[in-house]
1. What pairs can you find where one residue is in the stretch 42-60 and within 20 Å of Ser81 (Cα to Cα), the other is of a type in the set (Gly, Ala, Ser) and surrounded by fewer than 19 Cβ atoms within 10 Å (Cβ to Cβ), and their Cβ atoms are less than 8 Å apart, with a gap of 6+ or different chains?
2. I'd like the residue in the stretch 95-104 that is within 15 Å of Lys44 (Cα to Cα) and open to solvent by 10 Å² or more (accessible area, probe 1.4 Å) and, out of all such residues, is modelled with the lowest pLDDT.
3. Would you tally the residues in the stretch 142-192 being over 29 Å from Tyr33 (Cβ atoms), touching a residue at least 60 places away in the same chain (Cβ under 8 Å) and among the polar types (S, T, N, Q)?
4. Which of the residues that make up the stretch 5-39 are crowded, with 20+ Cβ neighbours inside 10 Å and among the hydroxyl-bearing types (Ser, Thr, Tyr)?
5. Sort out which residues of the stretch 113-138 are closer than 30 Å to Asp79 by Cβ and basic (Lys, Arg), and write them in order of number.
6. Assess whether Lys167 counts as being under 20 Å from the mean Cα position of the chain (by Cα), assigned to a helix (DSSP H, G or I), charged (D, E, K, R) and farther than 16 Å from Pro254 by Cα.
7. Given the criteria buried (at least 19 other Cβ atoms within 10 Å of the Cβ) and either of a type in the set (S, T, N, Q) or at pLDDT below 90 (or both), does Asp90 qualify?
8. Quick one: in the stretch 232-253, of everything that is within 21 Å of Lys159 (Cα to Cα) and under 14 Å from the mean Cα position of the chain (by Cα), which residue is surrounded by the fewest Cβ atoms within 10 Å (Cβ to Cβ)?
Amino acid sequence: MILFIFEGASREVCIFKTLEYCYFSNKKESRIYSYNNNIYNLYKQMTESDFNEDVITVLKNKLINDKDNELTDIKRRSDFSEVYLFFDYDSHNNSKNTISNLQIKEMLDFFSDETSDYGKLYINYPMVESIYYMKKELPDDMYYTYTSEISLGKKFKEKVNTDSYYKNLDFITFKMNKKTQSIKIPENKKQIEYVKQNWEYLIEMNVKKANYICDCLNEYPIKMSNISQKNIFDNQITKYIESKSQISILNSFPLFIYEYYT
């Protein structure tokens with residue numbers, strides 16, 4: 001069984017449910033847990049145990065009084081073969097603050113292996129809405145150049161709504177019932193193929209852009225390690241955040257799919 005931990009409970013779950021249908025229909029059973037808080041709060045929880053407790057124990061302790069939580073029947077970390085975490089960089093959370101960046105750096109060191117006690121952490125820059133920030137219909141060959149001002153903070157969402165060719169997630173997701181967290185598969189097969197094709201575009205664009213961020217080459221990396229989450233973060237800090245007060249727009253879901261199947 002695989003555990004997917006998301007920062008939010010809406011966009012991330014809808015995206016994942018669609019990806020699950022497109023890419024994981026014949027894979028292991030998956031479980032979703034929505035953390036409903038930012039990466040800095042998770043860091044605080046982990047440090048309270050001095051990183052001596054695995055991520056499942058930490059989350060269960062957080063939900064100890066919630067009998068309806070998603071981990072009620074989970075007893076230990078070994079109940080999951082893999083754990084993946086998806087969080088936003090959250091540029092509005094003092095992202096230029098050295099302490100905040102050191103926290104993320106430390107977490108990327110710990111959360112670097114999906115089979116470890118901590119799992120593997122993926123970061124969206126600056127947030128999950130980066131998944132539909134492109135200025136023309138897919139494929140967008142200028143995607144690798146797109147950045148955002150750090151000072152925008154949460155207003156990045158407004159930037160997406162204003163600048164992006166796509167105004168919602170319909171081009172890459174199926175409709176979801178938020179109450180049951182189930183998706184409705186379109187009867188029209190062309191719509192399904194349309195969504196799948198757009199994900200293929202997004203995978204190529206984000207993988208190449210990750211390589212551009214790290215090695216200044218808008219092409220597929222020679223080695224997977226070239227675009228590790230830690231390498232991406234280090235280069236975001238040095239090439240964009242500290243030197244330009246900007247962030248290079250990048251989404252982690254396409255990178256995850258690429259790494260999972262490569």
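The values are calculated or read from the model by the stated rules, or taken from the named source; none is laboratory data. These numbers come from a predicted model, not from an experiment. Methodologically, a virtual Cβ is constructed for each residue, glycine included, from the backbone with ideal geometry; neighbour enumeration extends over all protein chains shown. With ligands, DNA and RNA removed, areas are computed over all heavy atoms of the protein, side chains included. Shrake-Rupley method; radii C 1.70, N 1.55, O 1.52, S 1.80 Å.
1. Taking only residues 6 or more apart or on different chains, the pairs are Thr57/Ser49; Val58/Ser49.
2. Ile99
3. Residues that pass the stated criteria total 2.
4. Thr18, Tyr33, Tyr35
5. Selection gives Lys120 alone.
6. It is false that Lys167 is under 20 Å from the mean Cα position of the chain (by Cα), assigned to a helix (DSSP H, G or I), charged (D, E, K, R) and farther than 16 Å from Pro254 by Cα.
7. yes
8. Within the stretch 232-253, the match that is surrounded by the fewest Cβ atoms within 10 Å (Cβ to Cβ) is Phe253.
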